[in-house]
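Down below is the structure, laid out as structure tokens.
The values are calculated or read from the model by the stated rules, or taken from the named source; none is laboratory data. Keep in mind it's a predicted model, so treat the numbers as computed, not measured. Neighbour counts are summed over all protein chains in view; Cβ atoms, including those assigned to glycine, are modelled from backbone coordinates with ideal geometry.
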Amino acid sequence: MVIQAVFFGICVLTDLSSLLTKGNDSQEQERQLKKLISLRDWVMAVLAFPVGVFVVTMFWSLYIYDRELVYPKLLDNFIPAWLNHGMVSKVMQTLPCINKSVRQ
């Protein structure tokens, strides 16, 4: 979750920088914005996407193999099954959308 939070922060910073520098002809600001965009793309390609896919795949693989390893039945009293499914699976559903939007 830390990687996703850092990635989200970089995306927000990139978008804000893009909005604030729009219309300015400063070469330095343009260079800094390109660096931010490159950093955002790198974090997505190297960290956020692969780690997100790995976590979801490993969670559900271990869940199918032996549920007690990753999500003991005791937790059902506190976290309903639908919420657990949503928390884990939503990451996998949103990763391709984020990947597509970053590349535009």
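Among the residues of the range 72-97, just one is in a loop (DSSP other than H, G, I, E, B) and either among the aliphatic types (A, V, I, L, M) or in contact with a Leu (Cβ under 8 Å, 6 or more places away or on another chain) (or both), namely ILE79. Residues in the range 37-66 that are surrounded by 12 or more Cβ atoms within 10 Å (Cβ to Cβ) and farther than 30 Å from THR21 by Cα: PRO50, VAL51, GLY52, VAL53, VAL55, VAL56, PHE59, TRP60, LEU62, TYR63. Of the residues contained in the range 33-47, one or more are found to be of a type in the set (Lys, Arg) and within 20 Å of the chain's Cα centre (by Cα).
In the range 34-71, what residues are part of a loop (DSSP other than H, G, I, E, B) and at pLDDT below 90?
TYR71
The residue of the range 72-100 that is modelled with the highest pLDDT, among those that are small (Gly, Ala, Ser) and under 20 Å from MET1 (Cβ atoms), is GLY86. Can you find a residue that is of a type in the set (Phe, Trp, Tyr) and within 20 Å of LYS90 (Cα to Cα) anywhere in the range 38-53? Scanning the range 38-53, I find at least one residue that is of a type in the set (Phe, Trp, Tyr) and within 20 Å of LYS90 (Cα to Cα), so the answer is yes.
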